[in-house]
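Take a look at the structure below.
The values are calculated or read from the model by the stated rules, or taken from the named source; none is laboratory data. Being a predicted model, the structure only gives us computed values, none of them experimental. Note that we place each Cβ from the backbone using ideal geometry, even for glycine, and neighbour counts take in every protein chain shown.
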Amino acid sequence: MTLQLGREATLAFACACAVLIFASFAPAFGTAGNLTAILRNSYELWLIALGMTLLMAMGAIDVSVGVVMGLSALLIGKALAGGLPLGAVLLIGPLAGACIGLVAGLIVVIGQIPAIVATLGLFGVFRTVIFLGLGGQWLSGLPDTLTRLILWDGLFAPLGLLVIAGANLAVWTALRATPYGVHLLAIGNDEARARLMGLAVIRIRIATFVISGALCGLAGIFYVAIYRNVTTTIGANIALEAIAAVILGGTAIFGGRCSLLGTLLGVLLLRILQNGLLLMGVPSLWQTVVTGGLLLAVLISEVVAGRLSLSRRRRQRT
Amino acid sequence: MKALRDNLVLAMLIALWVGLLALIAVTQPDILSARTLTSVLQFSTILALVSIGLGLVVLAGGAGIDLSVGGVVSLSAVLAMLAQSAGMPAQFLPVLCIGIGLVLGGFNGLLVTRLALYPLIVTLGTFYLYSGLALALTGGAALAGVPDWALAFGRGKWGPIPLPFLTLVIPVILLALLIVLGTAWGTWILAMGNDDRAAHLSGIPVDRVRLVLYCVTGGLAGLAAFVSLAWLGSARPNIGVNLELEALTAVLLGGVAITGGRGGLTGVLAAVFLVVTLKTALLQSGINTVWQTGAIGLLLIVALLANRFSLSKG
């Protein structure tokens, strides 16, 4: 528990440092407009990374989350352009995401296939589906109905932020206060033992894929609201960003331990770095390098730090 | 029993391949020609080199996988060309490609063996790192300037068979088969795949074997990078895109168990031909290339499900 607290404090400190450094080197960074833009750019990643946290806590992973969001965004965009009522538009995203999550869950859990390989295949399939759905052309110039809804500031914060806070609160409650959460972490710790204990391993694993899919669908609403277009390459790198943010946030790769606050801060740090580097004149092509490098750096430093503390403890004992 | 299963996989692949050819013969008869054979073998060269390495890594178990192979191919090609334009003599081009591949693969191997990190996550990270670097260093543009002798090799043919296939793929596959079937290393690899811990306890240098396998995969990817240079005449930063998907499909379709310890390289090679024939048929029928990704992805999932099914029966 203390370790998790340490991780989150470190991340918050890193975010603050990054903001200070970028603000002093790039004058455009520290403006209120830019800081709001960083928050706004984090919306869809926050939701996707939330689902990824659950998956990774369970010892699974999904590299197709970006295109699942893309597929939902495509449906939402078509519905918006087709003039469907707002309620239907809002329902389509999460519903489509949940259905796709169910398919992924069935393939991984019933087919007993490693999640990363199965979702890599699904990534290819969904990319093609998106391309065919778009007919090779971008969907652009969508109406700003969703944009106004998400940025609606009637309560004390924009509605979009409230939705994200609500989703995090719901997942947190589910993790801490319901059997689902306890069982999820038990599966992440040791799946074979969880099965021997009589937990409904198959049902819980499929349900988690459905939840993650629904969150990706919800992220699709945010994507359409903020960018108001759907491109053929939509969501190509989001899976990497989500995985990096989750690992950055202190969720164990093998499952069994997770931190929602850590994931929130991990996403924020990633977006601050991307925005700051861009404003300092680093071409956007370097973003993948930075994200991939950060992911590896965290992995390596975790192992090295773990070994150091282990050897220190050994020395104290002797 | 094991031999029977391997033969079954091979027979199934050949049956699928013949079926695909028959389908092409009926629907698009003008595609079947010596030129198409050359192009299939040409595409197979890169995929076969990468798949052989990946197949060995997966065979050796321990959750072994290398998702970064496509990134290694792109980055080796780009870095070697950059070195050449920085003044390195052109005759070192092939050596440099392989050398860079070895180093990149060795980095994966060190992280997996020395730091005991999970291969999936490590190679996912290096996949983005390597392919991102290849794109960022070139700004997305292809680097021209491949020497003429390399082009002559890359585009040369012996009958309908491309020279790179004849001089690289065939020796590499023969060597790999010899090592897997005829040396202690082959036994070690299969033993590790069956039970990593038991292999370690019986004195097999598990970590060293695994490190070498990741290096070999990187080196073969570097060789594939040189083939792409010599064939296309330029270093394209996106040459490795989707290669990990195709190689993984070939390895699993070829009957290698994702958990390691079961399968063989002949199946992988047969699967490479199947995948490339499918791709070429789609390409030459004038169907949009985006279909290829979807078809390969679907094939991967089907291969996995079939793999699982045959395992539970066996």
Inset, instruction - Starting from residues that are at the interface with chain B (Cβ under 7 Å from one of its Cβ atoms) and β-branched (Val, Ile, Thr), keep the ones in segment A:282-309 and report whichever is farthest from the chain's Cα centre (by Cα). - result: A:VAL303
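In this structure, does A:LEU215 turn out to be under 30 Å from A:LEU132 (Cβ atoms) and either at pLDDT 90 or above or in contact with a Phe, Trp or Tyr (Cβ under 9 Å, 6 or more places away or on another chain) (or both)? If you could, list the steps in order and put the result at the bottom.
Working: under 30 Å from A:LEU132 (Cβ atoms): yes; either at pLDDT 90 or above or in contact with a Phe, Trp or Tyr (Cβ under 9 Å, 6 or more places away or on another chain) (or both): yes.
So A:LEU215 passes the test.
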Legend entry - Given (1) facing another protein chain (nearest Cβ under 10 Å); (2) surrounded by fewer than 22 Cβ atoms within 10 Å (Cβ to Cβ); (3) touching a residue at least 24 places away in the same chain (Cβ under 8 Å); (4) closer than 27 Å to B:PRO237 by Cβ, number of the condition A:ILE243 does not satisfy: (2)
Inset, instruction - Need at least 2 residues that are within 18 Å of the chain's Cα centre (by Cα) per element, so show me which helices (runs of 4 or more DSSP H) inside segment B:148-220 make the cut, counting only ones lying wholly within it. - result: B:170-182
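Just checking: which of the helices (runs of 4 or more DSSP H) contained wholly in segment B:30-145 hold 1 or more residues that are more than 14 Å from every other protein chain (Cβ to nearest Cβ) and in contact with a Phe, Trp or Tyr (Cβ under 7 Å, 6 or more places away or on another chain)?
Details: elements: B:34-59, B:69-85, B:93-113, B:119-138.
Fully inside segment B:30-145 and qualifying: B:34-59, B:93-113.
Taking the stated definitions as given, is A:ALA157 within 23 Å of B:LEU299 (Cβ to Cβ), aliphatic (A, V, I, L, M) and either at pLDDT below 90 or crowded, with 21+ Cβ neighbours inside 10 Å (or both)? Spell out how you get there, then give the answer.
On the way: within 23 Å of B:LEU299 (Cβ to Cβ): no; aliphatic (A, V, I, L, M): yes; either at pLDDT below 90 or crowded, with 21+ Cβ neighbours inside 10 Å (or both): yes.
Taking the combined requirement at face value, the residue does not satisfy it.
Do we find that A:THR232 is of a type in the set (Ser, Thr, Tyr), part of a loop (DSSP other than H, G, I, E, B) and surrounded by fewer than 24 Cβ atoms within 10 Å (Cβ to Cβ) in this structure? Lay out the reasoning, then the answer.
On the way: of a type in the set (Ser, Thr, Tyr): yes; part of a loop (DSSP other than H, G, I, E, B): yes; surrounded by fewer than 24 Cβ atoms within 10 Å (Cβ to Cβ): yes.
For A:THR232, the condition - of a type in the set (Ser, Thr, Tyr), part of a loop (DSSP other than H, G, I, E, B) and surrounded by fewer than 24 Cβ atoms within 10 Å (Cβ to Cβ) - is met.
Restricting attention to segment B:244-259, does a residue exist that is assigned to a helix (DSSP H, G or I), away from chain A (no Cβ under 14 Å) and surrounded by 24 or more Cβ atoms within 10 Å (Cβ to Cβ)?
Taking segment B:244-259 as the starting set, the residues that turn out to be assigned to a helix (DSSP H, G or I) are B:244-253.
Filter once more, keeping what is away from chain A (no Cβ under 14 Å): none.
Checking segment B:244-259: not a single residue is assigned to a helix (DSSP H, G or I), away from chain A (no Cβ under 14 Å) and surrounded by 24 or more Cβ atoms within 10 Å (Cβ to Cβ).
Among B:ALA281, B:ALA303, B:ALA295, which is the only one that is under 17 Å from B:ILE24 (Cβ atoms), part of a helix (DSSP H, G or I), facing chain A (nearest Cβ under 10 Å) and out of contact with any strand residue (DSSP E or B) (no Cβ under 6 Å at 6 or more places or on another chain)? Let's see the steps before the verdict.
Working: B:ALA281 fails: facing chain A (nearest Cβ under 10 Å); B:ALA303 fails: under 17 Å from B:ILE24 (Cβ atoms).
The unique qualifying residue is B:ALA295.
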Legend entry - Qualifying positions in segment B:221-243 - surrounded by fewer than 24 Cβ atoms within 10 Å (Cβ to Cβ) and in a strand (DSSP E or B): B:SER234
Inset, instruction - Taking A:GLY220 as meeting all but one of (1) within 14 Å of chain B (Cβ to nearest Cβ); (2) crowded, with 19+ Cβ neighbours inside 10 Å, write down the number of the exception. - result: (1)
Legend entry - Subset of segment B:221-262 that is under 18 Å from B:VAL40 (Cα atoms) and of a type in the set (S, T, N, Q) - its residue that is farthest from the chain's Cα centre (by Cα): B:SER228
Inset, instruction - Name the one entry in A:ARG271, A:ARG315 that is modelled with pLDDT of 90 or more, over 19 Å from A:MET56 (Cα atoms) and of a type in the set (Lys, Arg). - result: A:ARG271
Inset, instruction - Can you give me the ranges of the helices (runs of 4 or more DSSP H) entirely in segment A:64-178 with at least 1 residues that are within 11 Å of chain B (Cβ to nearest Cβ)? - result: A:65-81, A:86-105, A:115-134
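Looking at B:LEU10, is it assigned to a helix (DSSP H, G or I), farther than 21 Å from B:GLY222 by Cα and in contact with a Gly (Cβ under 9 Å, 6 or more places away or on another chain)?
Details: assigned to a helix (DSSP H, G or I): yes; farther than 21 Å from B:GLY222 by Cα: yes; in contact with a Gly (Cβ under 9 Å, 6 or more places away or on another chain): yes.
When the stated conditions are applied, B:LEU10 passes them.
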Inset, instruction - Kindly indicate whether any position in segment B:223-231 is touching a Gly at 6+ places or on another chain (Cβ under 6 Å) and modelled with pLDDT under 95. - result: yes
